[in-house]
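Notes to accompany the following structure.
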Amino acid sequence: MKIDKIIVHPVKLPFSIQFSHALRKRVSVKNIIVEIVAEKGTIKGYGEGAPRSFVTGESQQSSTQTIHRFVKLDHFPWDLEGVSQIWNFIDSLKDGKSQNAATCALETALLDALGKHHKKNIIDYFSKDFITDKIYYGAPLPIADKQKIIEICQLIKKMKIKKLKLKMGKDLFNNKEILEAVHFVFGEDYDLKIDINGVWNRSLALKHEHLIKKYRIKVVEQPMPPDSSELDDFAKLMQKAGVILMADESACSLSDVERISKNNHYQMINVRLSKNGGFRNSLKIIDHLRRNDTSFQIGCHLGESGILSAAGRILCLLCNDAVYYDGSYDEFLLEENVTLEHVSFGLGGEAYPLNGPGLGIEINDKNLSRLAETPPIVIERPQ
């Protein structure tokens, strides 16, 4: 398969509702979409990255620059026939977080194009050792007032979803209010994680101990910043209470995860395709966690389009041993999508493989063009 050109689309995806967490109030997100054009335009592959400055330090601009640099490398597979060429290329890139969204977008576009060339879904390029044909997603809850949380919880309950991920911030009183709202709707019938996005310090974390116990919170995700020296006391307290600490922003690369494995603070890792640099790098992390008997979840970035949701679906289905699955929120969160159909789930969060070659999705070209933040960047095949 001869790749003719690569197009980078910086897009702005609007939300149908405001979704806030401790570091951002969002009504839209800025992602990048990579389009691989091959065989004189008869094959087009798509990938997506979600650059987040507070996670990997990336932006749309820096990710676009990274992709431009990658495809100029001598060993970039402009003539692509087998998946090993993609893996060899990804393996040649340095480990670290500053290029992960770009790597994810480019790798996924290459896989999508190759799958369409071979007329096979890209799930077939991976090991089937932990594959499943069905998963169950949980549901996210933003930082909001008590009444709004009640309304969202009522919708989630109608969907028969009990696995919840609640965003929390620095305001102890507001955190107490939203926990009360969740309990008001679900009673004791829920499986609750809270996601702090690293904004607590030691003092504030300890003040939340009684709430964590009272509302039977199972997992506390990233309570403090990645470089915090204050985590030790809180980690010991949570372990004693039987509460799991999950690393997210602290675990962007394999080297991050290897370091985390040594300090015994975190018992779970949140693996996200864009944060961790695509399939190849994410699965290396997951293999490491399996070897070390460390649990993990497959997560997502809020505001993923159908492209990254489809990729996330494949990663989820490859991991029947993940404790939780988050993602495929297109229908519930996005006002507009770049795929013809939303990639979402049914009652109970139930979701299945997507049919068709590549990622199993079709692109809405009009939406892709209209949602562009800036004109696309076109990189022609070297002569």
Number of the condition not met by Leu273 [criteria: (1) under 11 Å from the mean Cα position of the chain (by Cα); (2) at pLDDT below 95] = (2)
Here the residues within segment 78-95 that are open to solvent by less than 10 Å² (accessible area, probe 1.4 Å) and either hydroxyl-bearing (Ser, Thr, Tyr) or over 26 Å from Asp256 (Cβ atoms) (or both) are Leu80
Hits in segment 106-127 (condition: assigned to a helix (DSSP H, G or I), in contact (Cβ under 8 Å) with a residue 60 or more places away in the chain and under 21 Å from Cys319 (Cα atoms)) = Glu107, Thr108, Leu111, Asp112, Gly115, Ile122, Ile123
Could you please find all residues in segment 277-304 being open to solvent by less than 10 Å² (accessible area, probe 1.4 Å) and out of contact with any strand residue (DSSP E or B) (no Cβ under 9 Å at 6 or more places or on another chain)?
-> Gly277, Phe279
Taking segment 128-148 and keeping only residues that are of a type in the set (Lys, Arg) and in a loop (DSSP other than H, G, I, E, B), one is left with Lys128, Lys134
Gly41 in contact (Cβ under 8 Å) with a residue 12 or more places away in the chain, out of contact with any helix residue (DSSP H, G or I) (no Cβ under 8 Å at 6 or more places or on another chain) and either open to solvent by 10 Å² or more (accessible area, probe 1.4 Å) or within 18 Å of Lys5 (Cβ to Cβ) (or both) = yes
Check Glu350 against each of (1) under 21 Å from the mean Cα position of the chain (by Cα); (2) modelled with pLDDT under 95 and name the one condition it does not meet.
-> (2)
Looking at segment 77-103, which of its residues are of a type in the set (Gly, Ala, Ser) and within 18 Å of the chain's Cα centre (by Cα)?
-> Gly96, Ser98, Ala101, Ala102
Consider Ser228 carefully, then state whether it is hydroxyl-bearing (Ser, Thr, Tyr) and more than 26 Å from the chain's Cα centre (by Cα).
-> no
Of all residues in segment 340-376, how many are among the β-branched types (Val, Ile, Thr) and surrounded by fewer than 22 Cβ atoms within 10 Å (Cβ to Cβ)?
-> 2
Exactly one of Ile307, Ile361, Ile379 is in a helix (DSSP H, G or I) and at pLDDT 95 or above, and that residue is Ile307
Subset of segment 96-131 [open to solvent by 30 Å² or more (accessible area, probe 1.4 Å) and in contact with an Asp or Glu (Cβ under 9 Å, 6 or more places away or on another chain)] = Lys97, Ser98, His117, His118, Phe130
Those residues of segment 311-345 which are in a loop (DSSP other than H, G, I, E, B), in contact (Cβ under 8 Å) with a residue 40 or more places away in the chain and not aliphatic (A, V, I, L, M) amount to Cys319, Asn320, Asp321, Tyr324, Asp326, Gly327, Ser328, Tyr329, Glu335, Glu336, Asn337, Phe345
Residue that is under 21 Å from Glu373 (Cβ atoms), open to solvent by 10 Å² or more (accessible area, probe 1.4 Å) and in contact with a helix residue (DSSP H, G or I) (Cβ under 8 Å, 6 or more places away or on another chain), where the choices are His9, His75 = His9
Under 9 Å between Cβ atoms, at least 6 apart or on separate chains: pull out the pairs that start in segment 78-94 with a residue that is under 21 Å from Lys116 (Cβ atoms) and end on any residue that is β-branched (Val, Ile, Thr).
-> Trp78/Ile3; Trp78/Val71; Asp79/Ile3; Leu80/Ile3; Leu80/Ile36; Leu80/Ile86; Val83/Ile122; Ile90/Thr103
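The values are calculated or read from the model by the stated rules, or taken from the named source; none is laboratory data. Only a predicted model underlies this, so the values are computations on that prediction, with no experimental measurement involved. Note that we place each Cβ from the backbone using ideal geometry, even for glycine, and neighbour counts take in every protein chain shown. In case anyone asks, the SASA skips ligands and DNA or RNA and just uses the protein heavy atoms, side chains included. Shrake-Rupley method; radii C 1.70, N 1.55, O 1.52, S 1.80 Å.
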